[in-house]
Amino acid sequence: MPVDISISKPSTEPLHCGLLERTGVSLNVLRLDKCHPLLSGNKWYKLKYNLLEFQEQAELPILSFGGAYSNHLHALAAAGKLLGMRTIGVVRGEMPEPLNPVLAFAKQQGMTLVSISRSDYRRKQDADFLQELHASFGDFHLLPEGGSNSLAIKGCEEIASLLKWQDSAANRLVALCCGTGTTMAGLLSGLSKVEAGSAPEVLGVSVLRGDGYLQSEISSQLQACGCYDTADWRVDDAYHCGGYARSNPALKSFLSEFATFSDLPLEPVYTGKLFYALFDLIESKVIPSGTEIVAIHSGGIHN
């Protein structure tokens, strides 16, 4: 049974600015953020096959986890409303009052919001804590934080077939921001199936503090799904700007300058850090002249 949600095929749009002209780097943006007004970006691809499975028992609610500004809970609430399925969002920490725009939207979509302490949140994978949730809510479909599981990786494999290249002779680089690593793991798995000898290099820009953490997470996810023959890839940990949902003067300055020559929507948690990293790596010639880049715009909530 198909997921009854209409998704647009994302476009690829060129970016133009003085730095790119001066360095001879081509930068095109895969606009996953345009695929659906509510399920935009990588969230649709992570949810797709989970929703297909959940629809087999549509009478059960879907329970998942996230912070107070969780893009995942925002998208899951919208999907539940569109499919006529109940959703439960377990929120880390105190519930802000009044609700912030993300949680207010989730509530409007019919999601039941439950706040738990940060210490309890760290137990979200423990069997005894899950039993407590079942005691409170009965049977439910469990979706991990961020929607990150093997079905999410399967969905993100489809992103590989959306990549469009202009110059067959250029060095090719795909770049994306990473929070859990699931989208990148899916992309790498997908590329191993569709690229024949000309797979691009893949660069992940971590939005988290923690050197090597996401590199290890992605390796583990690839191993779990049996993908060993991948394109060259790496995660750059130098552009988290203080950690998840944190910023610094350099990032703020970049976003202000970027807005003077492009109307591409960026936010400081995810996509802003991706383009900040790319422009710095181009300027410093770590990304050499003649490289063709496809940057994946994975969406994000603007607050």
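Points to keep in mind about this one:
- Test: L176 is at pLDDT 95 or above, closer than 22 Å to P144 by Cβ and either touching a Phe, Trp or Tyr at 6+ places or on another chain (Cβ under 6 Å) or not aromatic (F, W, Y) (or both): yes
- Flag if T230 is of a type in the set (V, I, T) and surrounded by fewer than 23 Cβ atoms within 10 Å (Cβ to Cβ): yes
- If you go through segment 266-280 and pick out every residue that is out of contact with any strand residue (DSSP E or B) (no Cβ under 8 Å at 6 or more places or on another chain) and of a type outside the set (D, E, K, R), you end up with 6.
- Pair list, Cβ < 6 Å and 6+ apart or interchain, from segment 221-236 residues that are over 20 Å from L151 (Cβ atoms) to residues that are part of a strand (DSSP E or B): A231/V202; D232/E201; W233/V202; V235/G204; V235/S206; D236/V205
- Residue satisfying all of: in segment 146-181; β-branched (V, I, T) and out of contact with any strand residue (DSSP E or B) (no Cβ under 6 Å at 6 or more places or on another chain); farthest from Q221 (Cα to Cα) among these: I159
- A single entry from E267, E257 fulfils the requirement of being exposed (fewer than 14 other Cβ atoms within 10 Å of the Cβ) and among the acidic types (D, E): E257.
- Flag if S192 is free of Cβ contacts under 8 Å to residues at least 24 places away in the same chain and outside any loop (DSSP other than H, G, I, E, B): no
- Subset of segment 112-146 that is among the charged types (D, E, K, R) and without any contact (Cβ under 8 Å) to a residue 24 or more places away in the chain - its residue that is nearest to I88 (Cα to Cα): E132
- Matching residues in segment 147-196 - criterion: being acidic (D, E) and over 21 Å from V235 (Cβ atoms): E158, D167
- Residue in segment 232-241 that is touching a strand residue (DSSP E or B) at 6+ places or on another chain (Cβ under 9 Å), part of a loop (DSSP other than H, G, I, E, B) and charged (D, E, K, R) present: yes
- Residue in segment 158-168 that is in a strand (DSSP E or B), in the same structural domain as T23 (by TED's automatic domain parsing) and either surrounded by fewer than 19 Cβ atoms within 10 Å (Cβ to Cβ) or at pLDDT below 95 (or both) present: no
- Within this structure, V286 fails the test of being crowded, with 21+ Cβ neighbours inside 10 Å, closer than 22 Å to L30 by Cβ and not polar (S, T, N, Q).
- Whether a residue is over 30 Å from L30 (Cβ atoms) and surrounded by fewer than 21 Cβ atoms within 10 Å (Cβ to Cβ) was assessed, and S136 passes this test.
- Condition check for T87: more than 30 Å from G290 (Cα to Cα), surrounded by fewer than 20 Cβ atoms within 10 Å (Cβ to Cβ) and of a type in the set (S, T, Y): no
- Flag for S64 being polar (S, T, N, Q) and either over 21 Å from the mean Cα position of the chain (by Cα) or within 30 Å of T260 (Cα to Cα) (or both): no
The values are calculated or read from the model by the stated rules, or taken from the named source; none is laboratory data. A quick note: this is a predicted structure, and the numbers were derived from the prediction, not measured. So basically every Cβ, Gly included, is an ideal-geometry build from the backbone, and we count neighbours across all protein chains shown.
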